[in-house]
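One structure is given below, encoded as structure tokens.
The values are calculated or read from the model by the stated rules, or taken from the named source; none is laboratory data. Everything quoted here is computed from the prediction, not taken from an experiment. Every residue, glycine among them, receives a Cβ derived from its backbone with ideal geometry; neighbour counts consider all protein chains shown.
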Amino acid sequence: MSVKDELIKNKLPQHVAIIMDGNGRWAKKKGNSRMFGHKHGVKAVKRVIEAGAELELGYITVYAFSTENWNRPKLEVDALMALLVSTISAETETLVKNNVRLKVIGGVDNMPKKVQKKLQECIENTDHCTGLTLNLALNYSSRWEITEAVKSIAQSVKSNDLNVDEIDANLFSSRLTTGGIPDPELMIRTSGELRLSNFLMWQLAYAELYFCDVLWPDFTKENFYEALFDYQSRERRFGKTSEQL
Ligand code: FPP
């Protein structure tokens, strides 16, 4: 029996955020190159998207490349960019078949031109899809995003398009790269690391955090269901008492 059968359909999160960690360690344990781990990491992404689409989730955001990841050896960075291009090319048709729409958050303008072109093509080709949205965080970090939002708000105030009194949490949210997307109710991080690593720090303010020891390439649909099951056992109080809920 699968944990999937235990899930309460109308209590599923609308938006799940995932830090896919452990590709390098997984490959090392197998005596292989880090890229071997990333390639198997893509298979885990595919499993999770399929599971999310089957469960009719709204959004899955995966941390695919952070602003800090540029500091990795050039060989790994270049190979990761090539993997992104080949994966998007190979998977666009499957995304469309599964009614999955692609979105990207992050400083995409500073990604290699080839990556930008492939992303744009896939975004356009999946734009009509109305099921799950796969949100790729690329060249993304929260501090970068929050700084950009502050600059955009300051610009609007300076040009008299916005009054300082109109600045509130909703306005701020709308200026983030996730503007228009509901905040994740659940954040999953694999590989036993207990950090946020500059990921969706504003948006995860009320999210349930789920950490597991599984290395990302080993992450199965069943592991995903277990995270959702755990989420459903949590009491989300948003500052209220249990009795008030
Ligand atoms: C973290 O593992 C993984 C990454 C920084 C990259 C994730 C990229 C993929 C899964 C492939 C591309 C994804 C898509 C959606 C096409 P790590 O390298 O930090 O592992 P380690 O902590 O064990 O070294």
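The figures follow:
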{"read-out": "Residues being free of Cβ contacts under 8 Å to residues at least 40 places away in the same chain, out of contact with any Ser or Thr (no Cβ under 8 Å at 6 or more places or on another chain) and charged (D, E, K, R) - total across segment 87-138", "value": "8"}
{"read-out": "Of residues in segment 219-245 being among the hydrophobic types (A, V, I, L, M, F, W, C) and in a loop (DSSP other than H, G, I, E, B), the one farthest from Tyr206 (Cα to Cα)", "value": "Phe219"}
{"read-out": "Unique residue being part of a helix (DSSP H, G or I), at pLDDT 95 or above and within 24 Å of Val16 (Cα to Cα) when the list is Ile153, Ile123", "value": "Ile123"}
{"read-out": "Considering residues of segment 18-59 that are more than 14 Å from the chain's Cα centre (by Cα), of a type in the set (A, V, I, L, M) and more than 10 Å from the ligand (Cβ to nearest atom) only, the residue nearest to Val214 (Cα to Cα)", "value": "Ala51"}
{"read-out": "Which listed residue is buried (at least 17 other Cβ atoms within 10 Å of the Cβ), under 16 Å from the mean Cα position of the chain (by Cα) and among the β-branched types (Val, Ile, Thr), from Thr190, Thr126", "value": "Thr190"}
{"read-out": "Residue match in segment 218-236 (condition: within 24 Å of Val104 (Cβ to Cβ) and touching a helix residue (DSSP H, G or I) at 6+ places or on another chain (Cβ under 9 Å))", "value": "yes"}
{"read-out": "Number of positions in segment 94-109 that are in a helix (DSSP H, G or I) and either β-branched (Val, Ile, Thr) or within 15 Å of the ligand (Cβ to nearest atom) (or both)", "value": "4"}
{"read-out": "Subset of segment 183-240 that is of a type in the set (Ser, Thr, Tyr) and touching a residue at least 40 places away in the same chain (Cβ under 8 Å) - its residue that is nearest to Met1 (Cα to Cα)", "value": "Tyr225"}
{"read-out": "Test: residue in segment 175-187 that is farther than 22 Å from Phe238 by Cα, among the hydroxyl-bearing types (Ser, Thr, Tyr) and more than 16 Å from the ligand (Cβ to nearest atom)", "value": "yes"}
{"read-out": "Among residues of segment 60-79, those that are under 30 Å from Glu185 (Cα atoms) and either part of a helix (DSSP H, G or I) or more than 9 Å from the ligand (Cβ to nearest atom) (or both), counted", "value": "6"}
{"read-out": "Index of the failed condition, Ser191 passing every other in (1) in a loop (DSSP other than H, G, I, E, B); (2) farther than 20 Å from Val45 by Cα; (3) modelled with pLDDT of 95 or more", "value": "(2)"}
{"read-out": "Failed criterion for His15 (all others in (1) in contact with a strand residue (DSSP E or B) (Cβ under 6 Å, 6 or more places away or on another chain); (2) over 25 Å from Arg234 (Cα atoms); (3) away from the ligand (no atom under 11 Å from the Cβ) hold)", "value": "(2)"}
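Residues checked against (1) touching a residue at least 12 places away in the same chain (Cβ under 8 Å); (2) touching a Lys or Arg at 6+ places or on another chain (Cβ under 7 Å); (3) more than 12 Å from Leu228 (Cβ to Cβ); (4) not in a strand (DSSP E or B):
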site: Asn10; (1), (2), (3), (4): no, no, yes, yes
site: Pro13; (1), (2), (3), (4): yes, no, no, yes
site: Asp21; (1), (2), (3), (4): yes, yes, yes, yes
site: Lys28; (1), (2), (3), (4): no, no, yes, yes
site: Gly31; (1), (2), (3), (4): no, no, yes, yes
site: Gly37; (1), (2), (3), (4): yes, no, yes, yes
site: Ala44; (1), (2), (3), (4): yes, no, yes, yes
site: Arg47; (1), (2), (3), (4): yes, yes, yes, yes
site: Ala51; (1), (2), (3), (4): yes, yes, no, yes
